[in-house]
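Written out below as structure tokens is the structure these notes cover.
The values are calculated or read from the model by the stated rules, or taken from the named source; none is laboratory data. If you're wondering where the values come from, they're calculated on a predicted model, not measured in any experiment. Counting neighbours? That spans all protein chains shown, and the Cβs are built from the backbone with ideal geometry, glycine included.
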């Protein structure tokens, strides 16, 4: 049965558009699967998301439960990653912290990618005054370092997870808009766009139905590569006290509260730091693999 499906997918003469589309996806997957580092990144990223979602089942301890008699305990069979300065189980806090940090990353991506894609496609397709206006707004946001601008937004609103998410969104969308604009300008005068325009299609329909789908490949690659920087920004806001607030278990905030123990009880700040490093590396490897597969210039 699997052989039949594979033959159907790799057929050189597809009988329908659906077969051609699924065949193209299967070939892309085969190319991606051949990249061992990319597959490793995918496996680690999926594993980290899965264990974070299953944290209530896997943790074994309440991440906020304090036991001062066990404060700063070394890693052991009872507490795999040891305990922090309040006797809280670090393994449980790292797992639940993944829900907070990775949840912030997902929320940012869900909001920032469509925003940047829409702004860039509209600017690239419309041109003229619309393009200049939207790109000057983009330039204003690009003129400031992302972390500094995010800190300013959070300080102006109120420290917290929601404020940190919106601050990162407001500072992360300009590169996506630039990328979408460049992609749109390269195809807006193509023959098939002219043909669609001659059929009476409106500008919004052309952008939504024909231009945006063609920009998705490059956007997916950019989003995956940027997820590591979003993780670092979210952790940095937590470290500086502008993100998740105590006692919420967030990786950056965990490092901030434990940094004074780095020399003697090294495991307390090191373990959440390792979690940030592994998550960032996994998404970087995944993004590199997707770039090799989805970017025609790299193939």
Task: Residues that are modelled with pLDDT of 85 or more and under 29 Å from residue 28 (Cβ atoms), drawn from segment 225-264 - done: 226, 227, 228, 229, 230, 231, 232
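Take the conditions at pLDDT 85 or above, in a helix (DSSP H, G or I) and crowded, with 16+ Cβ neighbours inside 10 Å and apply them to residue 112. Does it pass? Give the steps one after another, and end with the answer.
Working: at pLDDT 85 or above: yes; in a helix (DSSP H, G or I): yes; crowded, with 16+ Cβ neighbours inside 10 Å: yes.
It is true that residue 112 is at pLDDT 85 or above, in a helix (DSSP H, G or I) and crowded, with 16+ Cβ neighbours inside 10 Å.
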TODO: Name the residue, out of 45, 38, 73, that is farther than 25 Å from residue 243 by Cα and out of contact with any strand residue (DSSP E or B) (no Cβ under 9 Å at 6 or more places or on another chain).
DONE: 38
- [ ] May I ask you to say which residue of 286, 232, 281 is in contact with a helix residue (DSSP H, G or I) (Cβ under 9 Å, 6 or more places away or on another chain), in a helix (DSSP H, G or I) and surrounded by fewer than 17 Cβ atoms within 10 Å (Cβ to Cβ)?
- [x] 281
Open item on the list: Could you go through segment 174-190 and let me know if any residue there is buried (at least 18 other Cβ atoms within 10 Å of the Cβ), at pLDDT below 85, within 24 Å of residue 126 (Cα to Cα) and touching a helix residue (DSSP H, G or I) at 6+ places or on another chain (Cβ under 7 Å).
Closed with: yes
TODO: Taking the options 259, 291, name whichever one is touching a helix residue (DSSP H, G or I) at 6+ places or on another chain (Cβ under 7 Å) and under 24 Å from residue 46 (Cβ atoms).
DONE: 291
TODO: Being surrounded by fewer than 15 Cβ atoms within 10 Å (Cβ to Cβ) and touching a helix residue (DSSP H, G or I) at 6+ places or on another chain (Cβ under 9 Å) is the filter here, so list the residues in segment 65-109 that pass it.
DONE: 65, 74, 75, 78, 80, 106
- [ ] Please find, within segment 32-49, the residue that is modelled with the highest pLDDT out of those that are surrounded by fewer than 15 Cβ atoms within 10 Å (Cβ to Cβ) and over 23 Å from residue 98 (Cα atoms).
- [x] 36
TODO: Inspect all residues belonging to segment 61-73 and state whether any of them is in contact (Cβ under 8 Å) with a residue 40 or more places away in the chain and in a helix (DSSP H, G or I).
DONE: no
